[in-house]
Every structure is written in C-alpha cells, then in structure tokens.
Amino acid sequence: MHDMLAKLETLRNEHAYVAVVSLDISGAFDHVYHHEVLKELAVRKDPVYLIRIIEDYFKGRRVAVATANRTVDRGCPQGSVLGPILWNIVYDVVLQLLRLFGITVFAFADDTLLLIPAHKAIELQNKINEVMNLIVEEYTKLGLNLNYNKTEVMLFENFPKQMRNDPEWRIDTINIGGHVLEPQDKMKYLGIIFDVQLNFIKHIDYINAKIGKVIKKLSIVFRNTFGYGNAAQRIMIKGCINTVYLYASTIWSPALQYKATINSLRAAQRKVKHCVPGHTGTQDTL
C-alpha cells in the first residue's frame, strides 16, 4: 500500500493526468481454466511430478444442483491451501504482460489496481483503451470476465485550474471497453477509502460509520446485567473496534492533521465508552 501511494505521488508530479483503475473480475477464483493453470506450470518448468499431482487434483471435480450435474473444468478451489497459490501462478501472466506494456500494476489476489499516467486527455483515453483491450484479451484466454459495472476509475489531475474547462483538458467520462465510466472522487481498495485529495477524510467517515454499527450490536449484547462482566466487555470492544481503527493506520494517519477528523474520532470514542454500562472513567479505549 505504501509503495502504491509513493508511486502514485511520483506519477502525479510528473504527469498532467493519472488514472487509477480498479478492476473487478466476476467470480475470479471460480472461472480460471484448469488447462491454463497446468500450461503455466509447464512454462515455469515446475517439476513434472508436481504438475501431474495438480492435474490429478483437478480431475473428477463435479458440481451438482437440483437440475444439473456436470464436470468442472475451471476454478481454483476456494478455501483450500493450494487455491490461492494456483491463482497467483496463472494471474502472474497478466501482471507481467502489463508491466512489459509499461503499466504500473498492484495486485492482491484478484484485487487489481492500475496506475495509468498521461500528459494529454486524448493520450490518457488511448492508453486506457489499449491497456483494457490487452487485459480483456488475456482474461478471455484464462476464462475470466471483467465486470464493467464494478470496475472503477479515479482521476488525478495536475494542471492549472483555469484549464479544466478547456475541452482539450477536461475529462468528464472515460471509455473502457465500450463502457462509459464517470471518474469517481473516491475508491475503496483493500479496505481503504482513497480520495482525489489523498487526505483520507472519507476513510475516517467510513470507519466511524462502521464502528457505529458495531457499537449498536455490542450494546444489545451488553444489556444483559447478568451476562458479560466489564472485563469481558472491554476485551470484546478491543477486539471488535480497535482492530478497525488500527487497520492500515499508517496509511490514513495524514487525516489526523485536520481538527474535524480528530473531533469525529473523539466523538466515536465517547460512544465506545458509553457502550459499557456503568463505565464513567476517562481512560482511552481506542
């Protein structure tokens, strides 16, 4: 995450535009072809005995529902130890191809983020079209489908404000594979809300809202006078709430420079304290 932000900042300083494209693959793990996995293992020159074991691992897999019963020839079994490894091996083909094309790409499992820079609006659109055509072609070979409805674009601009109404510079929509997308002012990636200012205020709003829902559920549990004691309640609060705030805190910490952000966090903290019946102390719980 830190590497992605550092690279994004570098590209922003060097280009007039940087498009951040978040790709969504429909049922990624369930759709990749078995023969593509085996082919890539052979290309990597993995031991023959290992390839045969995995080939046998794929054999005889069937799916049955009330109206159908068929052999499965695709998918990396989810929940298995081997599944994510096989996915990484076959998806690495796409990542390496994008890097050869000069595109900065970050991926965690099937969550893929592209950073596409350009100096002109028309250059950016052409670059995006070329990259997306390449991706769709590779996805098709692997048995994957890009979900255009959930694919998102966020646009960073670095040129004088007075030029933003100029038709040659202004970008209202971006065409991706024949689908018109409007650039978003925020994007969620790996549980973090990014915004075009990169101040992470929207992420603070997101986690505060999330914590509010958790507090309501905990309050119901804590109403039982003869149930959990204060010590047990504190353990649950730390486990359910602290982890939310601490997740990627080194990423969103720049938001703490704003007084409004600090006030919103303190307001959430007060709700947490009041969540424990009879608690009147002032010690921080976050």
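In this structure, does Ile135 turn out to be at pLDDT 90 or above, over 21 Å from the mean Cα position of the chain (by Cα) and in a helix (DSSP H, G or I)? For Ile135, the condition - at pLDDT 90 or above, over 21 Å from the mean Cα position of the chain (by Cα) and in a helix (DSSP H, G or I) - is not met. So which residues in the stretch 1-29 are among the acidic types (Asp, Glu) and surrounded by 15 or more Cβ atoms within 10 Å (Cβ to Cβ)? Asp24, the sole residue that qualifies.
Exactly one residue among Leu124, Leu155, Leu86, Leu146 is surrounded by 13 or more Cβ atoms within 10 Å (Cβ to Cβ), out of contact with any strand residue (DSSP E or B) (no Cβ under 6 Å at 6 or more places or on another chain), at pLDDT 90 or above and over 13 Å from Leu23 (Cα atoms), and that residue is Leu86. Here Leu114 passes the criteria (1) open to solvent by less than 40 Å² (accessible area, probe 1.4 Å); (2) more than 29 Å from Pro183 (Cα to Cα); (3) not in a helix (DSSP H, G or I) except the one numbered (2). Which residues, counting only those in the stretch 186-197, are open to solvent by 20 Å² or more (accessible area, probe 1.4 Å) and either under 17 Å from Arg266 (Cβ atoms) or in contact with an Asp or Glu (Cβ under 8 Å, 6 or more places away or on another chain) (or both)? Lys186, Leu190, Val196, listed by residue number. Being more than 17 Å from Ala28 (Cα to Cα) and out of contact with any strand residue (DSSP E or B) (no Cβ under 9 Å at 6 or more places or on another chain) holds for only one residue in Asp185, Asp166, and it is Asp166. Checking each residue in the stretch 16-57 for being more than 21 Å from Asn145 (Cα to Cα) and of a type in the set (Phe, Trp, Tyr) picks out Tyr17, Tyr49, Tyr57.
State whether the residues of the stretch 34-41 include one that is among the β-branched types (Val, Ile, Thr), on the phi < 0 side of the Ramachandran plot, surrounded by 14 or more Cβ atoms within 10 Å (Cβ to Cβ) and under 31 Å from the mean Cα position of the chain (by Cα). Within the stretch 34-41, one or more residues are among the β-branched types (Val, Ile, Thr), on the phi < 0 side of the Ramachandran plot, surrounded by 14 or more Cβ atoms within 10 Å (Cβ to Cβ) and under 31 Å from the mean Cα position of the chain (by Cα).
Among the residues of the stretch 108-120, some residue qualifies, meaning at least one is β-branched (Val, Ile, Thr) and in contact with a helix residue (DSSP H, G or I) (Cβ under 9 Å, 6 or more places away or on another chain). Set side by side, the residues Ala28, Ala64, Ala19 differ, and just one is under 30 Å from Asn126 (Cα atoms) and modelled with pLDDT under 90, which is Ala28. Of all the residues that make up the stretch 141-192, how many are within 30 Å of Asn208 (Cβ to Cβ) and aliphatic (A, V, I, L, M)? Here the count works out to 7. Tell me, please, whether a residue that is in contact (Cβ under 8 Å) with a residue 60 or more places away in the chain, out of contact with any Cys (no Cβ under 9 Å at 6 or more places or on another chain) and within 26 Å of Phe200 (Cβ to Cβ) can be found in the stretch 24-33. Checked against the condition, which is being in contact (Cβ under 8 Å) with a residue 60 or more places away in the chain, out of contact with any Cys (no Cβ under 9 Å at 6 or more places or on another chain) and within 26 Å of Phe200 (Cβ to Cβ), the stretch 24-33 yields at least one hit.
The values are calculated or read from the model by the stated rules, or taken from the named source; none is laboratory data. Quantities reported herein were computed from a predicted structural model and do not represent experimental measurements. Heads up, the Cβs are rebuilt from the backbone with ideal geometry, glycines too, and the neighbour counts pull from every protein chain shown. Accessible surface areas use protein heavy atoms only, side chains included; no ligands, DNA or RNA. Shrake-Rupley method; radii C 1.70, N 1.55, O 1.52, S 1.80 Å.
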